[in-house]
Amino acid sequence: MEKLSNQKKEEELLFIKDWCLTIIDHLDTISVNNSMASFKNAIINGYTAKNLRGMRLALKDITKMAQYFDVENVSKINHLLKEKFGKDLNDDSGKTQKKINQIIKRGKIVNPDEFRILKEKAEEIYSDVEQRDIFEKISSLLLNFEQISSPEL
């Protein structure tokens, strides 16, 4: 993977900071105990330290967290994000689903990132009876990857 130029890195850091703070600021308005303060501090500290890897993880976590709120708040967050960035929480989920479909079609997980994506999907759908077939395919892929990746004891 090519190394990001300082300008590209700074642009990505700024985008992640602004995206996450937009979500956090909205969630803070509905929070009863100022629980978003620690998230806000983590984002600001990560941005200040120029910790791109940490900021990318925070972006995924905060975006995922926001998707689990009630429909009304998700709609408000999507409106704020669309207005400010031209995209919303749903724009990345299509890419993730496409990646999941590619992995299933290939029939093999080739790296830890793919493992993480499928593990998250499995956790999301495990209790959904209508997605049982997909869950079983994903579980099989996860198990195979773990067996290949884990050293023999």
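The values are calculated or read from the model by the stated rules, or taken from the named source; none is laboratory data. Worth saying up front: this structure is predicted, and the values here are computed from it rather than measured. Note: ideal-geometry Cβ built from the backbone for every residue, glycine included; neighbour counts use all protein chains shown.
Within the stretch 7-32, take every residue that is surrounded by 12 or more Cβ atoms within 10 Å (Cβ to Cβ) and of a type in the set (S, T, N, Q) and give me the one that is nearest to the chain's Cα centre (by Cα). Per the stated criteria, the residue is T22. All conditions but one from (1) over 26 Å from M65 (Cβ atoms); (2) out of contact with any helix residue (DSSP H, G or I) (no Cβ under 8 Å at 6 or more places or on another chain); (3) not in a helix (DSSP H, G or I) apply to K108; the one that does not is (2). Among the residues of the stretch 45-90, those identified as aromatic (F, W, Y) and either loosely packed, with under 13 Cβ neighbours inside 10 Å or modelled with pLDDT under 90 (or both) are Y68, F69.
Taking the criterion of being among the polar types (S, T, N, Q) and in a loop (DSSP other than H, G, I, E, B), the residues of the stretch 46-93 that qualify are N51, N90.
Scanning the stretch 91-113 finds no residues that are farther than 30 Å from S140 by Cα, exposed (fewer than 13 other Cβ atoms within 10 Å of the Cβ) and touching a residue at least 24 places away in the same chain (Cβ under 8 Å). Of the residues making up the stretch 33-44, those that are touching a Leu at 6+ places or on another chain (Cβ under 9 Å), surrounded by fewer than 18 Cβ atoms within 10 Å (Cβ to Cβ) and assigned to a helix (DSSP H, G or I) number 2.
Filtering the stretch 41-53 to residues that are more than 17 Å from the chain's Cα centre (by Cα) and of a type in the set (D, E, K, R) leaves only K50.
A single entry from E124, E83, E136, E130 fulfils the requirement of being acidic (D, E) and within 13 Å of the chain's Cα centre (by Cα): E124.
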